[in-house]
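Read through the structure below, which is laid out as C-alpha cells, and then see the notes.
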Amino acid sequence: MNQNNQFELSQVMGEQFKFSGKYNLKSLLMQLLWVIPLMIGLSIIYNYICKWIPLAYFNILGTFAYGILIGLCGYVAIKMSHTRNKVVLTTMMLILGILGLYFAWIFFFVVQLKLTYADGFKMIFQLFVAFDMTSNWFIKGKFYLWRLPKDVQGSWLYFLTHSIEALLIIGVPIFSGRLLNSREAYCEDCQEWLDENKEIIIEDVCDKLWPDLTFKEQNKFLRNKVKNLEVNELLTAQQVQDKDSHLRCELKYCNNCKKFAILNVSRKKIFKKEQEAFNKKFETETEQEATIVAGICIPSSILKNIINNKNKGV
C-alpha cells in the first residue's frame, strides 16, 4: 500500500469499504426542493391506481412500487448531496416514508371527493384538518387505499391492512434506499462517487490451488487470500465464458485518481457427472454459486495492474 496515500490509510486494505460519515445538511435539504414535489405526484398516481384497479392484490403491488420509488428518490438525493453517513441516510428515508404516507392520505380525499389539486396542496399544510378527516373516515370504515371487500371495512382486518400499508410505505423506502446505497463507494480525495466499473470473468483457480478440499472449504481459503491481498492467481488467470466454471471479479473505482478500488468476487462451479440409464451414458451438470467477498478495498498497485492489463487474463 502506498504510504503517501491518505485515503488508503483511512481505509483498511483487504477489508470492507466504510463510509467516512460526512454529510452536508444544507445540500441535503436543497434536494428536498425536487424530491417533495415528485413525491406528491407519485402519491396522486398511487391513489388513482388504488381507485381504478379494484383488486387488493394489485393495490398491494402498487404500494410496494410507491415505496420503492420513494426510496429511489431518496437514494438519488443522497448521492447528489454527497451524503456518506448511514444514520443520516436512514433518517432521510424515514422522513420521506412518513411524508409519502401523509401525501397518500391527503390525495386519497382529493381523488375520492373529487377535490381540486389546489385543495390537496392547501390540505398538506393544514395538518389538524387532514388528521381530523382521516380519523373520522377511518373510524367509519370509509378510509381505504386498498380496495377491500365491504364486509372487511370496519373489522379488525380493516385496521390490520391499514397498518400493513403504513409499514410498507414507510419501511420499503428505508430498505430500498439502504440497499441501493450499500452498493456505492466514495472517493474522499476527489469528492466523487466511484463511477467506473469493470467486470472480468476468469477461470476457477480453486481446484488447482486446493484440489482435495470441498467447494465450501475452497471458498473459505480463497476468501482469506483475497482479504490478505494475495491475488496473483487471479491476475494471471485466463478469461473464460460465463457458461463455464468461473470467478466473477467486479471492480468499482474512481476514474480521476485510480487510488483504490472496491472488489467483489463471486464463484460459480459446474459439477459434471456421468450417468447411465437404458444402456445409454449421458452427462449431467449441476451448479453451485457463492459470494467470496463483497466491497473489499484493494490498493492502487493491484488496481493499476488490472486496468492496464499488465497481466494475462484480468
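Where a number appears in this text, it was derived from the coordinates with a stated rule and is not lab data. Note that this is a predicted model, so its numbers are computed, not measured. Quick reminder, even Gly has a Cβ in these numbers, built from the backbone with ideal geometry, and neighbours come from all protein chains shown.
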Let me test this: with uniform point scatterers at the alpha carbons of the chain, what is the Debye-based log₁₀ I(q)/I(0) at q = 0.09, 0.14 1/Å?
-0.67, -1.01
Restricting things to Cα coordinates, could you compute the convex hull volume per residue of the range 206-314 in Å³?
108 Å³
Nearest 10 degrees, 0 to 90: helix 56-80 Cα axis against the chain principal axis
60 degrees
Where in the range 22-52 is the amide nitrogen less than 19 Å from a point lying 7 Å along the Cα-to-Cβ axis of A118?
41
Ordering of 266-276, 89-99, 32-42 by burial proxy (mean other Cβ atoms within 10 Å per residue, highest first)
89-99, 32-42, 266-276
Cα-based helix-to-principal-axis angle, 127-139 vs the chain, degrees rounded to 10
90 degrees
Listed by chain and number, the lysines with an alpha carbon less than 18 angstrom from that of K86, same-chain partners under 8 positions apart left out, are K18, K22, K26
Can you figure out the FRET efficiency of A56 with I36, using R₀ = 35 Å and their beta-carbon distance, to the nearest 0.05?
0.75
Long-range amide H contacts for A237: which residues qualify at under 5 Å (H placed 1.01 Å from N, peptide plane, sequence gap of 5 or more or a different chain)?
V314
Give, in nm to one decimal, the length gained when the segment between S301 and N197 is fully stretched (0.36 nm per residue of separation minus the Cα-Cα distance).
35.7 nm
May I ask you to give the average projected area over all directions of the convex hull of the Cα atoms of the range 208-256, in nm² rounded to one decimal?
4.7 nm²
Roughly what angle does helix 86-112 make with the longest principal axis of the chain, taking Cα atoms, 0 to 90 degrees, to the nearest 10?
40 degrees
Simple SL model, points at 7 angstrom along Cα→Cβ for D207 and S163; separation in nm is 5.4 nm
Of the cross-linked pairs K79/K227; K227/K259; K225/K272, which ones have a Cα-Cα span greater than 23 Å in the structure shown?
K79/K227; K225/K272
